[in-house]
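Peer 1: Structure in structure tokens, see below.
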Amino acid sequence: MPTYRVEFASTKVTKDLDKIAPKQRQQIVSALETLREYPNVPGCRKLRGYRDIYRLRSGDYRIAFEVKQTRELIVILLIKHRKEIYQKLSTIV
């Protein structure tokens, strides 16, 4: 199985990641590393109402992403607290 590249959709995603507390940030980075190896990691779900957008749980945070199979690419759309992610996701998609 190939290793996928992980890219952030915008610099805002990087800034949001930097604002997260170090312990949770490390959990998220670890989840992203696992996602690179296994895009269909357990706990990963396709979001209803969105075309080809998935979410991965990491503690109280959610990672919304798209998988581009042909390019072996994972595009991280959002990293937000579970209370915020679905509201923010509806504004960017």
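Peer 1: Give the residue, chosen from 35, 78, that is surrounded by 15 or more Cβ atoms within 10 Å (Cβ to Cβ) and assigned to a strand (DSSP E or B).
Peer 2: Details: 35 fails: assigned to a strand (DSSP E or B).
The unique qualifying residue is 78.
Peer 1: Could you tell me whether any residue of the range 50-57 is closer than 16 Å to residue 20 by Cα and surrounded by 13 or more Cβ atoms within 10 Å (Cβ to Cβ)?
Peer 2: Yes.
Peer 1: Mind checking whether some residue in the range 61-69 is modelled with pLDDT under 90 and either of a type outside the set (A, V, I, L, M, F, W, C) or buried (at least 17 other Cβ atoms within 10 Å of the Cβ) (or both)? Before you say what the answer is, go through the steps one by one.
Peer 2: Let us first name the residues in the range 61-69 that are modelled with pLDDT under 90, namely 69.
From what's left, either of a type outside the set (A, V, I, L, M, F, W, C) or buried (at least 17 other Cβ atoms within 10 Å of the Cβ) (or both): 69.
Yes, because at least one residue in the range 61-69 is modelled with pLDDT under 90 and either of a type outside the set (A, V, I, L, M, F, W, C) or buried (at least 17 other Cβ atoms within 10 Å of the Cβ) (or both).
Peer 1: A further question follows. Considering the range 14-27 alone, what residues qualify as being closer than 11 Å to residue 81 by Cβ and in contact (Cβ under 8 Å) with a residue 24 or more places away in the chain?
Peer 2: Once the filter is applied, which keeps residues that are closer than 11 Å to residue 81 by Cβ and in contact (Cβ under 8 Å) with a residue 24 or more places away in the chain, the range 14-27 yields 16, 20, 24.
Peer 1: Looking at the range 41-61, is at least one residue in a helix (DSSP H, G or I) and not aliphatic (A, V, I, L, M)?
Peer 2: Filtering the range 41-61 for residues in a helix (DSSP H, G or I) gives none.
Scanning the range 41-61 turns up no residue that is in a helix (DSSP H, G or I) and not aliphatic (A, V, I, L, M).
Peer 1: Could I ask something else about it? Could you list, in sequence order, all residues of the range 1-13 that are in contact (Cβ under 8 Å) with a residue 12 or more places away in the chain and outside any helix (DSSP H, G or I)? Outline the logic, then answer.
Peer 2: Step one: list which residues in the range 1-13 are in contact (Cβ under 8 Å) with a residue 12 or more places away in the chain, which gives 1-9, 13.
Those that are in contact (Cβ under 8 Å) with a residue 12 or more places away in the chain and outside any helix (DSSP H, G or I): 1, 2, 3, 4, 5, 6, 7, 8, 9.
Peer 1: List pairs: first residue in the range 70-84 and without any contact (Cβ under 8 Å) to a residue 60 or more places away in the chain, second residue surrounded by 20 or more Cβ atoms within 10 Å (Cβ to Cβ) and assigned to a strand (DSSP E or B) anywhere in the structure, Cβ distance under 8 angstrom, at least six positions apart or on different chains.
Peer 2: 81/61; 81/62; 82/61; 82/62
Peer 1: Taking the stated definitions as given, is residue 52 at pLDDT 95 or above and among the acidic types (Asp, Glu)? Explain how you work it out, then say what you get.
Peer 2: Details: at pLDDT 95 or above: no; among the acidic types (Asp, Glu): yes.
No: the conditions fail for residue 52.
The values are calculated or read from the model by the stated rules, or taken from the named source; none is laboratory data. In this text the structure is predicted, and so the values were computed from the model without any measurement. When we count neighbours, we look across all protein chains shown, and the Cβ atoms used for this are built from the backbone with ideal geometry, even at glycine.
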